[in-house]
Amino acid sequence: VVDIRKMYGQTGMFTYDPGFTSTASCQSAITYIDGGEGILLHRGYPIDQLAEKARFLEVAYLLLHGDLPKQDEFEEFRHNITYHTMVHEQLAQFFRGFRRDAHPMAVMTGVVGALSAFYHDSTDITDPQQRLIASHRLIAKMPTIAAMAYKYSVGQPFVYPRNDLSYTGNFLNMTFSVPAEEYEVNPIIENAMRRIFILHADHEQNASTSTVRLAGSSGANPFACIASGIACLWGPAHGGANEAALNMLREIGESKNVKQYVDRAKDKNDPFRLMGFGHRVYKNYDPRAKVMQQTAEEVLKELNISDPVLDVARELEHIALNDDYFIEKKLYPNVDFYSGIILSAIGFPTEMFTALFALARTTGWVAQWNEMISDPEQKIGRPRQLYVGATQRDYVPLEDR
Ligand code: ACO
């Protein structure tokens, strides 16, 4: 039996909390979640109001600065962001080093991490002004980098940012326009993307945000910190769930097969889970999933697409929400359940889904990173462990073992 307190030289209470289910790692004034009631507020504003009415850059400003911008503040912020949308031409060389079929999240982790090599000498994180510039650069360059990752994968030339378009309109243009053809951003699609970006902008101390904070707590370069967040987001239990959810819906194929998959998800001997269902914090309907569902209906109607996956998703939701297993465990659709259907209808390949999540979440990551650095109580993040290994023993030379 190990006396933990003696081992760590501490006399106070020691908690063991795998997955941090009940341990707060920080104080934050950015995002409030009431998982029981299904409420999500950014700086006090309900997510559905922001998703319905706000521009994405208003939300980015809100997360960073604490209040919605006044008109002149918004214009200045928009100017600061559009000023930084280009990436250094040399960065294109980084893309050329990747295999064409590399996952965009692998590419983005590498390329965003590489930005730290471009801005290593101008990022004094103790200076709030320099932190703000790094934040603007990240918010501005992520759409450019995500669009470049897409263009590289399909073998088309990179498209330069257009600062006369909205944040989402510019991203759609960089992704889908090709030199020889006219491309006009469809306002319904632009609005859907705006909503998707806002719904993904922040979600308090989720795994990737906690990763950014932990990396940032050592004083690391902000671009490197965001790259660590992208890496963490990639996993199927986190941001990768949107890709996994659509793959699952396509595999189910038809509404008549839904019950069989719901039964598999309930079987303790089968590792299968319903992707896009369940959440660590929400024990009620994820408020983002509701907006997502409505957006999916709108986009498919606008594009005149009758995708059977939407029927499968509706049937799956209906069966699961009326099933005792899901009711008892409080498993509801999360933000990832419908987002893949929308993104696929717009024309994004599934591999790009998590990259878009990373693009949008960058605003939350930089807001959380700034909040952490400016917190006078901030310390390096250093979790403890419950040691369960061997007790002290003596080394035996290799030949005598
Ligand atoms: N399908 C079937 N059963 C599930 C599901 C699911 N999607 N999610 C949870 N359960 C069950 C578990 O088997 C477990 O059952 P048990 O108590 O009998 O062992 C119980 O519900 C609790 O699940 P945990 O994994 O302990 O809950 P946790 O809070 O750790 O996990 C998570 C949350 C990872 C999101 C989980 O619900 C999951 O794997 N969902 C599918 C993946 C997904 O959609 N992820 C996206 C999350 S949202 C986001 O990151 C943006």
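The values are calculated or read from the model by the stated rules, or taken from the named source; none is laboratory data. Values in this document were obtained by computation on a predicted structure and should not be read as measured data. Counting neighbours? That spans all protein chains shown, and the Cβs are built from the backbone with ideal geometry, glycine included.
GLU254 meets each of the listed conditions (1) more than 29 Å from GLY36 (Cβ to Cβ); (2) free of Cβ contacts under 8 Å to residues at least 60 places away in the same chain; (3) buried (at least 18 other Cβ atoms within 10 Å of the Cβ); (4) of a type outside the set (Val, Ile, Thr) apart from (3). The single residue among TYR387, TYR325 that is surrounded by fewer than 24 Cβ atoms within 10 Å (Cβ to Cβ), in a loop (DSSP other than H, G, I, E, B) and touching a residue at least 24 places away in the same chain (Cβ under 8 Å) turns out to be TYR387.
Within the option set ASP72, ASP34, being surrounded by fewer than 16 Cβ atoms within 10 Å (Cβ to Cβ), more than 25 Å from PRO161 (Cβ to Cβ), more than 19 Å from the chain's Cα centre (by Cα) and of a type in the set (Asp, Glu) holds for one residue only, ASP34. Has the range 185-196 got at least one residue that is surrounded by 19 or more Cβ atoms within 10 Å (Cβ to Cβ), within 14 Å of the ligand (Cβ to nearest atom), more than 23 Å from THR21 (Cα to Cα) and at pLDDT 95 or above? Within the range 185-196 (the criterion being surrounded by 19 or more Cβ atoms within 10 Å (Cβ to Cβ), within 14 Å of the ligand (Cβ to nearest atom), more than 23 Å from THR21 (Cα to Cα) and at pLDDT 95 or above), the answer is yes, since at least one residue qualifies. Residues that are outside any helix (DSSP H, G or I) and either within 13 Å of the ligand (Cβ to nearest atom) or at pLDDT below 90 (or both) within the range 228-253 comprise TRP234, GLY235, PRO236, ALA237, HIS238, GLY239, GLY240, listed in sequence order. Of the residues screened, THR168 is one that is crowded, with 16+ Cβ neighbours inside 10 Å and under 19 Å from the mean Cα position of the chain (by Cα).
Among residues of the range 92-107 that are free of Cβ contacts under 8 Å to residues at least 40 places away in the same chain, those with a beta-carbon under 6 Å from a residue that is part of a helix (DSSP H, G or I) and not small (Gly, Ala, Ser) at least six positions away or on a different chain give the pairs PHE94/VAL111. For THR350, the conditions (1) within 19 Å of the chain's Cα centre (by Cα); (2) closer than 18 Å to ASN191 by Cα all hold with the exception of (2).
If you check VAL178, VAL262, VAL212 for being more than 22 Å from the chain's Cα centre (by Cα), assigned to a helix (DSSP H, G or I) and either at pLDDT below 95 or within 16 Å of the ligand (Cβ to nearest atom) (or both), only one passes: VAL262. Please enumerate the residues belonging to the range 326-361 that are among the β-branched types (Val, Ile, Thr) and within 15 Å of ALA147 (Cα to Cα). The answer is ILE346, THR350, THR354. Can you find a residue that is among the charged types (D, E, K, R) and more than 25 Å from LYS329 (Cα to Cα) anywhere in the range 231-247? Scanning the range 231-247, I find no residue that is among the charged types (D, E, K, R) and more than 25 Å from LYS329 (Cα to Cα), so the answer is no. Within the range 360-381, the set of residues being touching a residue at least 24 places away in the same chain (Cβ under 8 Å) and not in a helix (DSSP H, G or I) comprises SER374, ASP375, GLU377, GLN378, LYS379, ILE380, GLY381.
Counting the residues of the range 9-39 that are assigned to a loop (DSSP other than H, G, I, E, B), at pLDDT 95 or above and more than 28 Å from GLN385 (Cα to Cα) gives 2.
This table checks each residue for (1) near the ligand (Cβ under 10 Å from one of its atoms); (2) over 29 Å from GLN205 (Cβ atoms).
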site	(1), (2)
ASP267	yes, yes
VAL281	yes, no
ASN284	no, no
ASP307	no, yes
LEU310	no, yes
PHE337	yes, no
PHE353	no, no
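Among the residues making up the range 69-89, those that are in contact (Cβ under 8 Å) with a residue 24 or more places away in the chain and in a loop (DSSP other than H, G, I, E, B) are HIS84, THR85, MET86, VAL87, HIS88. Just one of the numbered conditions (1) free of Cβ contacts under 8 Å to residues at least 40 places away in the same chain; (2) within 17 Å of the chain's Cα centre (by Cα) is not true of GLU184: (2). Being part of a loop (DSSP other than H, G, I, E, B) and either within 22 Å of PRO46 (Cα to Cα) or modelled with pLDDT of 95 or more (or both) is a property that holds for LEU165. Among the residues of the range 75-124, those identified as at pLDDT 95 or above and among the polar types (S, T, N, Q) are ASN80, THR82, THR85, THR109.
Which one of the conditions (1) surrounded by fewer than 16 Cβ atoms within 10 Å (Cβ to Cβ); (2) within 13 Å of the ligand (Cβ to nearest atom) does PRO333 fail to meet, given that it meets all the rest? Unmet condition: (1).
The numbered conditions (1) more than 18 Å from the chain's Cα centre (by Cα); (2) free of Cβ contacts under 8 Å to residues at least 60 places away in the same chain are all true for ALA134 except (2).
Annotation for the range 215-223: no member residue is more than 21 Å from GLU371 (Cβ to Cβ) and not in a loop (DSSP other than H, G, I, E, B).
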